[in-house]
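Novice: What follows is a single structure, and I will ask about it in a moment.
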Amino acid sequence: MDLFDRQAQESAPLADRMRPRALPEVVGQAHLLGPGKLLARLIRADKVPSLVLWGPPGTGKTTLARVVAHETSAHFEPFSAVLGGVPQLRKLLQAARDRRRRGGR
């Protein structure tokens, strides 16, 4: 970690600094993320399919997406349907198609 990373991390909001980064740190959703449950098994096996996470703000969608990205080899593109628009979504989808064509995930 360099000086700029450290300063950015220290000045980040508390919620961002405390956000779970690994599967064992996530609390809740035991029916999906508990020991032996479907999503937990897929994450540990690095076999997570495409996911659309839907729900009200503050329920952990972004946190879960970041944990999946951290724990697997999956490519992660943060995108908010509220903040992003159709043109940005089209760019992300085209980039995903290009990655798939090149043999990526």
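Novice: If R₀ is 25 angstrom, what is the calculated FRET efficiency for the pair Thr62 and Ser11, using the beta carbon separation as r and rounding to 0.05?
Specialist: 0.80
Novice: What length, rounded to one decimal in nm, is gained on full extension from Ala22 through to Val52, with 0.36 nm per residue of separation minus their alpha-carbon distance?
Specialist: 8.9 nm
Novice: Then there's this: For the chain, what is the relative contact order in percent, using Cα pairs closer than 8 Å and at least 6 residues apart in sequence?
Specialist: Dividing the mean separation by the residue count of the chain yields 21 percent.
Novice: With r as the distance between the Cβ atoms of Ala45 and Arg101 and R0 = 35 Å, compute the FRET efficiency 1/(1 + (r/R0)^6) and round to 0.05.
Specialist: 0.90
Novice: Here is a further query. Quick one: Karplus J couplings for segment 94-99, per residue in order, coefficients 6.51, -1.76, 1.60, θ = phi - 60°, nearest Hz, x for Gly and Pro?
Specialist: Once rounded to whole Hz, the list reads 5, 4, 5, 4, 4, 4.
Novice: What list of ³J(HN,Hα) couplings, whole Hz, do you get for segment 76-84 from phi and the Karplus terms 6.51, -1.76, 1.60, once you set θ to phi - 60° and write x for glycine and proline?
Specialist: The phi angles translate into 10, 10, x, 8, 10, 5, 6, 8, x Hz.
Novice: Give me the dipole magnitude in Debye, nearest 20, for the chain about the Cα centre, with unit charges on the beta carbon: positive for Lys and Arg, negative for Asp and Glu.
Specialist: Once rounded to the nearest 20, the dipole reads 600 debye.
Novice: According to the Cα gyration tensor, what semi-axes, each the square root of 5 times an eigenvalue, does the equivalent ellipsoid of the chain have, listed from largest to smallest in whole Å?
Specialist: Details: eigenvalues 102, 90, 50 Å².
The equivalent ellipsoid of the chain has semi-axes of 23, 21, 16 Å.
Since every read-out is calculated from the coordinates, none of them should be taken as a lab result. Since this is a predicted model, take the numbers as computed values, not measurements. Quick reminder, even Gly has a Cβ in these numbers, built from the backbone with ideal geometry, and neighbours come from all protein chains shown.
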